[in-house]
Amino acid sequence: MPNPEDPRLDDPSPGRILVVDDDPVTRRVLSSMLERAHYDVMASTDGREAWTELAAARIDLVITDREMPAMNGLELLRAVRSSPRHGGVPVIMLTGTTLETAGDEADAEGASAFLTKPVSSRELLETVERLLSETGA
């Protein structure tokens with residue numbers, strides 16, 4: 001249960017991004033790309049941990065891997081979209097698979113964008129900037 005007195009709930013800093021991936025190298029690479037662009041980055045190892053972070057802090061955008069243990073990216077996306085508090089948070093779905101159906105599933109569940117790994121820094125940052133500007137974050 002999040003602490004209602006936690007200062008992270010009311011942090012006014014723009015561009016807080018939650019990176020969710022079970023692969024530590026991918027988490028580090030994505031976080032580094034975003035931090036170099038001056039975003040405030042938090043990281044989680046799976047969907048369950050990410051859901052806890054969403055409950056504890058204001059998150060402006062989520063970048064999640066599709067395939068993870070415990071709670072995968074599609075399950076996290078469904079939880080975000082069904083939440084009154086987080087339903088409008090943009091979610092970028094990442095996957096290493098080349099299956100066309102992966103993007104279709106992400107779209108059907110309400111993903112804001114779908115990117116294939118490995119993602120270039122330019123593609124990632126352009127997508128993040130576009131989504132944050134659309135939401136006014």
If only one of 62, 20 is surrounded by 14 or more Cβ atoms within 10 Å (Cβ to Cβ), in contact with a Ser or Thr (Cβ under 7 Å, 6 or more places away or on another chain) and modelled with pLDDT of 95 or more, which one is it?
20
The correct count of residues that are in contact with an Asp or Glu (Cβ under 7 Å, 6 or more places away or on another chain) and either closer than 17 Å to residue 127 by Cβ or in a helix (DSSP H, G or I) (or both) in region 34-58 is 3
Please go through region 118-137 and give me each residue that is within 15 Å of residue 88 (Cα to Cα), touching a residue at least 60 places away in the same chain (Cβ under 8 Å) and among the hydroxyl-bearing types (Ser, Thr, Tyr), ordered by number.
135
A careful count of residues in region 79-137 that are more than 18 Å from residue 21 (Cβ to Cβ), at pLDDT 90 or above and of a type outside the set (A, V, I, L, M, F, W, C) gives 14
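The values are calculated or read from the model by the stated rules, or taken from the named source; none is laboratory data. Keep in mind it's a predicted model, so treat the numbers as computed, not measured. Note that each Cβ is placed from the backbone with ideal geometry, even for glycine, and that neighbours are counted across all protein chains shown.
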